[in-house]
Amino acid sequence: MHLILLGPPGTGKGTQAKLIAEKLNAAHIATGDLFREAVRQGTELGKQVGAYMERGELVPDELTIATLLERMRQPDAREGAIFDGFPRTLQQARALDEALAGHGMAADLALLIDAPDDEIVRRLSGRWLCPACGRIFHEVSQPPKQEQLCDGCGGELMQRDDDKPEVVRKRLEQQRPPEELLAHYRKQGKLVEIDGAQEVEAVTRDLLAAIEKTTVVS
Ligand code: AMP
């Protein structure tokens, strides 16, 4: 299966993508994670994307699409993938359609997880991440068992630079999925909207229900 998770930052896309990828045994492909890793390692790509990320702006399509296509060529992505944070523009969506069509495939569903701005700002400002294994925690809704330490691997938790309130507001302004992107998937009959203001478990339940419906129908 190829599933796309759409939505503004802070609606739990990353958390949900990980859960679903595990459940469906699919690759979890998050361009944001790939970019953060490149910045951390100081690669050429990292140098190119770092400034955009710090400003809360989108990385240019050409660079983003090239990064995505390279990741899709990895063996674990052959059977299926959960795309998290990609596509964010119509051009990216078209590139993904083309890449999948090249293998006789297509995206099965585009799941839009949305929530009001206030809720998103509240969530992002309390978010903590384990840089070692990628697990995500929240001060209020999902605190780690031991303060500042990852429940999974014991790594030290950190806050993303772009989760600072002023950058969060900019990311929200610039990174709500554009209408033309939603229209692209709506036209294909693949867009499903999920209420991202619910508890994590309820969002997972709704996502899995939507996915199951597609599997049964197709
Ligand atoms: P995320 O972890 O998905 O919130 O992404 C973190 C940052 O990486 C974003 O604020 C953008 O600067 C950049 N980024 C990630 N995915 C994309 C994408 N599909 N298109 C453009 N920029 C992206």
Taking a ≥ b ≥ c as the square roots of the eigenvalues of the Cα gyration tensor, with a/c under 1.5 meaning rounded and otherwise prolate when a/b exceeds b/c and oblate if not, the range 82-202 is prolate
Expressed as a rounded percentage, what relative contact order does the range 23-91 have, with Cα pairs under 8 Å and six or more residues apart?
49
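Where the only charges are on Cβ atoms (+1 Lys, Arg; -1 Asp, Glu), what is the dipole of the chain about its Cα centre, to the nearest 20 debye?
Here the size comes out at about 200 debye.
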Which residue, chosen from 159, 137, 65, occupies the Cα position most advanced towards the positive end of the dipole of the chain, where the dipole is computed from +1 (Lys, Arg) and -1 (Asp, Glu) charges on Cβ about the Cα centre?
65
With a ≥ b ≥ c from the Cα gyration tensor eigenvalues, square-rooted, and the rule rounded for a/c under 1.5, otherwise prolate when a/b > b/c and oblate otherwise, the range 142-218 is oblate
Roughly how many whole Å is it from the C-alpha centroid of the range 121-139 to that of the range 47-99?
22
Can you compute log10 of I(q)/I(0) for the range 1-156 with the Debye formula, treating each Cα as one identical point scatterer, at q = 0.12, 0.16 Å⁻¹?
-0.55, -0.99
For the range 92-157, just say rounded, prolate or oblate: build the C-alpha gyration tensor, square-root its eigenvalues into a ≥ b ≥ c, call rounded for a/c under 1.5, and beyond that prolate if a/b exceeds b/c, oblate if not.
oblate
If I take every Cα pair under 8 Å that is 6 or more residues apart in the chain, average their sequence separation and divide by the length, what percent do I get for the relative contact order?
30
Estimated dipole of the range 45-161 in Debye, rounded to 20 [Cβ of Lys and Arg +1, of Asp and Glu -1, Cα centre]:
240
Top positive-direction residue, dipole computed over the chain with Cβ charges, set 207, 42, 149
42
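Every number here is computed from the coordinates shown, using simple stated rules; none is lab data. Treat the numbers as computed from the prediction; the structure is a model and nothing was measured. For neighbour counting, all protein chains shown are included, and Cβ atoms are generated from backbone atoms with ideal geometry for every residue, glycine included.
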